[in-house]
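Participant: Before anything else, here's the structure in question.
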Amino acid sequence: MTAVSIAFIVFVITLLVRQARTVDWQAVWASFLALPVPVLLLGGALALASHLLYSTFDLFGRFYTRHGLPVPRTVGITLIAYPFTLNLGSIIGGVTVRYRLYSQQGVSVAAIGQVIGMSILTNWLGYFVLAGAVFWLWSPQLPEGWHVGPEHLRWIGTALAAISLLYVLACLLRRGQPLQVRGQKFAMPDWRVGLLQVAVSALNWMVMGAALWALTQQRVPYAAALATVLLGAVAGLISRIPAGLGVLEAVGVAVLSAYLPAPQALASVLTYRTLYFFLPLGLAALAFGGVELLGRRRAGAAAAAPAKAKAQKGLQRNQY
């Protein structure tokens with residue numbers, strides 16, 4: 001861990017403690033209870049839509065590696081792994097859970113690595129484009145202590161959007177041929193597939209922003225909700241705090257409190273975290289446990305089959 005990362009973590013923790021002391025938690029709870037049921041249902045539906053969109057990201061790796069798993073099974077694996085990624089980090093969710101689930105289906109380690117890499121790349125390609133658009137068209141109110149002005153955000157957004165543009169351009173020039181760097185091959189799909197990666201990813205991030213926007217009961221600009229999700233994601237990634245716990249809330253209160261009372265802003269973000277992070281994690285844990293149990297039963301049945309066949313042969317010999 002670098003000194004910059006350590007300094008950022010200390011800064012985030014200090015900011016969170018400072019904000020937590022000033023929060024009127026009774027008002028936050030009252031704001032949470034005041035959320036209408038239709039608003040909660042809409043937020044939950046949009047959260048589900050985002051998870052379904054993300055579940056298609058592994059299909060790009062499937063297309064490139066030709067690992068042979070059916071589309072529904074590939075989507076199912078991603079649906080289970082994604083909540084672990086959100087809540088426990090990319091190593092546990094993005095790598096460990098995916099590796100376990102794919103390896104049970106006979107997918108090679110090399111193919112699993114390529115699928116994971118393609119999925120991660122797809123996720124951030126859309127992020128980069130949206131960050132460039134949002135930071136150029138609208139300047140969010142940032143948390144106290146973030147010494148970043150609108151001009152800095154615009155140039156950061158431009159640099160990020162340029163990465164996605166260069167990726168699509170590289171796909172066009174390589175014409176589907178992998179890029180080889182120091183003996184390592186990197187997937188470079190056709191430019192149309194690359195453009196589809198950007199589009200699906202951007203749509204997913206927009207739906208995430210729409211889920212939070214719905215939970216604010218549309219009392220804030222959509223750009224503010226989207227900026228909260230975008231800034232919260234990268235701040236949580238830099239801080240290395242699992243699920244960006246507290247980081248998203250700090251960003252959300254800072255950005256959304258320009259339009260809502262702070263307790264209502266925090267209640268909206270906490271509800272978003274519950275619907276988008278915690279609830280799917282519970283369902284994914286149950287699904288993962290079910291897959292593990294089913295796999296063990298199948299392995300036990302496969303191991304018992306030769307012994308059973310041998311016993312039957314012995315019985316037949318005794319009969320003769």
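The values are calculated or read from the model by the stated rules, or taken from the named source; none is laboratory data. Just so it is clear, the structure is predicted and the values come from calculations on it, not from any experiment. Cβ placement follows ideal geometry from the backbone for every residue including glycine, while neighbour counts extend to all protein chains displayed. Remember, those area values only see protein heavy atoms, side chains included, never the ligands or the DNA or RNA. Shrake-Rupley method; radii C 1.70, N 1.55, O 1.52, S 1.80 Å.
Participant: Can you put LEU52, LEU41, LEU270 in order of accessible area, largest first, using a 1.4 Å probe? It would help to have the intermediate numbers written out before the result.
Facilitator: On the way: LEU52 85, LEU41 120, LEU270 60 Å².
Sorted by accessible area, descending: LEU41, LEU52, LEU270.
Participant: Order the following by accessible area, largest value first: THR56, THR228. Probe radius 1.4 Å; ligands, DNA and RNA are ignored. All intermediate terms of the calculation are to be shown ahead of the outcome.
Facilitator: Numbers: THR56 45, THR228 0 Å².
Descending order: THR56, THR228.
Participant: Moving on. In terms of modelled amide H atoms, which long-range or inter-chain residues lie less than 5 Å from the amide H of PHE186?
Facilitator: Those lying under 5 Å, H to H, from PHE186 are LEU179, GLN180, VAL181.
Participant: Among ARG298, ARG98, ARG62, what's the order by accessible area (1.4 angstrom probe), most exposed first?
Facilitator: On the way: ARG298 155, ARG98 5, ARG62 70 Å².
Per-residue accessible area, sorted high to low, gives ARG298, ARG62, ARG98.
Participant: Label ALA110 and VAL193 with points 7 Å out from Cα along Cα→Cβ: what is the distance between them in nm?
Facilitator: Here the modelled spin labels are 1.7 nm apart.
Participant: I need the calculated FRET efficiency for the pair TRP138 and ARG66, taking r as the beta carbon distance and R₀ as 41 Å, to the nearest 0.05. Before the final figure, lay out each step's value.
Facilitator: Values: r = 42 Å, r/R0 = 1.03.
Between TRP138 and ARG66 the formula returns 0.45.
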